[in-house]
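The values are calculated or read from the model by the stated rules, or taken from the named source; none is laboratory data. Because the structure is a prediction, the values reported are computed rather than measured. A quick note on method: Cβ atoms are made from the backbone with ideal geometry, for glycine too, and the neighbour counts reach across all protein chains shown. Heads up: the accessible areas ignore ligands, DNA and RNA and are worked out on the full protein's heavy atoms, side chains in. Shrake-Rupley method; radii C 1.70, N 1.55, O 1.52, S 1.80 Å.
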Amino acid sequence: MLDSGVSDPDQHRTTTVEKGSFCSARCSCGWRGPARRSRDKARTDAAGHADGTGCAASPSE
């Protein structure tokens, strides 16, 4: 699991979660990235979300 290490509670705290052969990014705000076979792409999704260049702060269902 990758933790963005952000200590400010107003900041997005991202992690990666593995389920079977897929990995996805998740955020403390409720956002979830798509399932990826590549851990690196899931980390990139998380970094993009955390720095604001990703899918904003809207949670996905």
Filtered residues of the stretch 36-52 (kept if more than 9 Å from the chain's Cα centre (by Cα), of a type outside the set (S, T, N, Q) and open to solvent by less than 70 Å² (accessible area, probe 1.4 Å)): 52
How many residues are at pLDDT below 90 and farther than 15 Å from residue 45 by Cβ when one looks only at the stretch 11-27? 1
